[in-house]
Every structure is written in structure tokens, then in C-alpha cells.
1. Just need a number here: residues in the range 121-155 that are assigned to a loop (DSSP other than H, G, I, E, B), in contact with a helix residue (DSSP H, G or I) (Cβ under 7 Å, 6 or more places away or on another chain) and surrounded by 14 or more Cβ atoms within 10 Å (Cβ to Cβ).
2. Restricting the first residue to the range 104-123 and requiring it to be of a type in the set (Phe, Trp, Tyr), which pairs with a second residue that is part of a loop (DSSP other than H, G, I, E, B) meet a Cβ separation below 9 Å and a spacing of at least six or different chains?
3. Give, as residue ranges, the helices (runs of 4 or more DSSP H) completely inside the range 1-120 that count at least 2 residues that are not assigned by TED's automatic domain parsing to the domain that holds Phe292.
4. Considering only the range 152-187, state which residues are closer than 23 Å to Arg277 by Cβ and touching a strand residue (DSSP E or B) at 6+ places or on another chain (Cβ under 8 Å).
5. What number goes with the only condition from (1) exposed (fewer than 14 other Cβ atoms within 10 Å of the Cβ); (2) touching a residue at least 24 places away in the same chain (Cβ under 8 Å); (3) not small (Gly, Ala, Ser); (4) not assigned by TED's automatic domain parsing to the domain that holds Leu125 that Glu302 does not pass?
6. Looking for whichever is surrounded by 12 or more Cβ atoms within 10 Å (Cβ to Cβ), farther than 30 Å from Leu286 by Cα and more than 31 Å from the chain's Cα centre (by Cα) here; the options are Leu191, Leu195, Leu186. Which one fits?
7. Is it the case that some residue within the range 87-97 is among the hydrophobic types (A, V, I, L, M, F, W, C), modelled with pLDDT under 90 and farther than 24 Å from Ala144 by Cβ?
8. For Ala229, state whether it is surrounded by fewer than 21 Cβ atoms within 10 Å (Cβ to Cβ) and either among the aromatic types (Phe, Trp, Tyr) or modelled with pLDDT of 90 or more (or both).
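The values are calculated or read from the model by the stated rules, or taken from the named source; none is laboratory data. Predicted model, so just to flag it, every value in this text is computed and none were measured. So basically every Cβ, Gly included, is an ideal-geometry build from the backbone, and we count neighbours across all protein chains shown.
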Amino acid sequence: MRVDQLAAMRLYVRIVETGSFGKAARALGMSASNATERIARLEATLGVRLLARTTRALAPTEAGARYFEVCRRVIDELDEVEASLSGSRDALAGRVRVDANVSIARAILVPRLPPWFEQYPGIRLELRMSDQRGDFVRDGIDFAIRIGGLEDQDLVHRPLGRPRRVTVASPAYLARMGRPATPDDLAKHRLIDFLLPRPGESLEWEFDADGQPAEHALPSVAGVADADARLQLAVAGAGIVQSLDFIAAPELRAGRLERLLTRWETPAPEIAILYPRDRHMPARTLATMDAFAAWIRASLEESER
């Protein structure tokens, strides 16, 4: 492989990841016009159009997305070989971009990161926290960690476990309003829903009914789109919320919340690591993935106790 071809591949990968000729050019120390010219030559050499350019967006074509995966694999493998030959203590080096649900990142990943940074000083972690799934190519995601919605056949699914739905309230609220004895009693309480992205829609409450999960449409006094904010409202005595056990665990252990209706609890959707089937996984990505998987499994096990 020619040096100029490898340089063009690195440039192309950076353009797709940043979505911008200008940003990619600045990162690689060249002008935007030079970057544009190099990509034009690359497209001419390959005989395909790699990028679809509009006034508002820059994205790979279908052929460009396939070429992007090839380029990433070649560059990752070359970087790994060079690091191993140099004998560097930072052989696990480079960027790893992870896409994770906000609650998983806040409750499990972020608190455990400081010692991990010390263990892998050569890895630059980019943690994208969102409850909306990103695009693996457009957003340059190496792997994602998601709750539910795992039916995409183009992705590898690495299951990590299933949290449980827990219904919780503060001791102060229960002293003031009483403790519900069955799910039907919740209709007389102050409930705080989890708002969905679609306007006016909330996640329905779910309880066990003869061994099967059953959704309950219950009246609520408020809807909040952030799981942690809902939990803090419950701690403050504003009402009852339904959460996931690993999110509520610290407040339950501290006695700031109490678990209700445990007889009717149901498992939530599975948590899994996702990544494209044809994606090469360099050592730095595998090390990050293995660490995050271990943390999530441990957190789910702790929440069951």
C-alpha cells in the first residue's frame, strides 16, 4: 500500500467521523481545499462516489460506508502493529468512542472511570451519553451500550443482563400519603411518569400479572424525561416513580427511598453491547468493552441483593 493512499484513507476516516472537511483538515494539519482535492483523487482512483455532499450535511454513500469500515480496519491493524513493535507501554492507545444510555453511563460507567484512566493512559475515551441511538458510521461509534431495542440483525449483540423495574418512594412521602398495597392502589397516589420522545406520551407502568408483565395506564401528576431527575423528585417526597434497580440502588441503600410492591416487580429489557458485524475491533476497543461489560454485570448483581 502506498503511503499517499494510506494518508488518504486516514483523511477519509476523519472526515466521516467529524462530518466536515474543515474539521478533518485542521486535525491533520492541512487546508480544507487540500483535503477536498485528496478525496476527489481518491474517489477517482476507486471509481465510486464516497461522500454525499449537501449544503447542510456530509455523509458517506452506501459504497462510502463500506469503504469507511475497510479503512478503519486497515488503520487500526497498522496502528496496533506499530505500537507492538515499538514496545510502548501505551500499546493500547488511540480513541474509543462509546454510545451509551444516559442512565447506564451516569450510574455505572462514570463513577468507575477514574482508575480506568490510570490503567489505560493511552486510550482517549469519548463517551456519548444519549437515550437516542447514534449511527455507527456517521457518529464514529465503536460500540454502543443499550437497554432494549436490540433486534437489529446487522449488529452483534453481547448480552449483559436484565435489570428489574422497581417502584419507589421516600419515607416522608409514605408517612404522609400511605403505602400502596397493590398496583391498583397507585391510582390514589401522586405518580411521576417517564416521558417518551414523542410529544404527550409516557412510558406505562408495568407490573406482574400471574407471571406475565402487564402495562398499567395510571394518572400522574407530572412527566419527566430524565430518569435521574425523576428519582430525585421521589427522594424529595414529590411522589412515586418506577425506575430500574441499578439506578435506584444508591438511594435505596442509603434509606432515602423505599421499595414498594416487590411482589409485582417485572424484569426490564436486556442491557447489551452492540457493534456492527463486520467491524474490526482493535485491542483498545476490546479492552474498553470488556471493562464496561464487567462493570455493568457487577452493578446488576449488586442491585439484586
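1. 4
2. If the second residue must be part of a loop (DSSP other than H, G, I, E, B), the pairs left are Tyr120/Asp90; Tyr120/Leu92; Tyr120/Ala93.
3. Details: elements: 3-18, 21-27, 32-46, 62-86, 110-119.
Of the helices (runs of 4 or more DSSP H) lying wholly inside the range 1-120, those with at least 2 residues that are not assigned by TED's automatic domain parsing to the domain that holds Phe292 span 3-18, 21-27, 32-46, 62-86.
4. Asp152, Asp154, Leu155, Val156, His157, Arg158, Pro159, Leu160, Gly161
5. (4)
6. Working: Leu191 fails: more than 31 Å from the chain's Cα centre (by Cα); Leu195 fails: more than 31 Å from the chain's Cα centre (by Cα).
Just one listed residue meets the conditions, Leu186.
7. Applying the first criterion (among the hydrophobic types (A, V, I, L, M, F, W, C)) to the range 87-97 yields 91-93, 96.
From what is left, the residues that are modelled with pLDDT under 90 are 91-93.
Filter once more, keeping what is farther than 24 Å from Ala144 by Cβ: 91.
The answer is yes, given that some residue of the range 87-97 is among the hydrophobic types (A, V, I, L, M, F, W, C), modelled with pLDDT under 90 and farther than 24 Å from Ala144 by Cβ.
8. Here the answer is yes, as Ala229 does meet what is asked.
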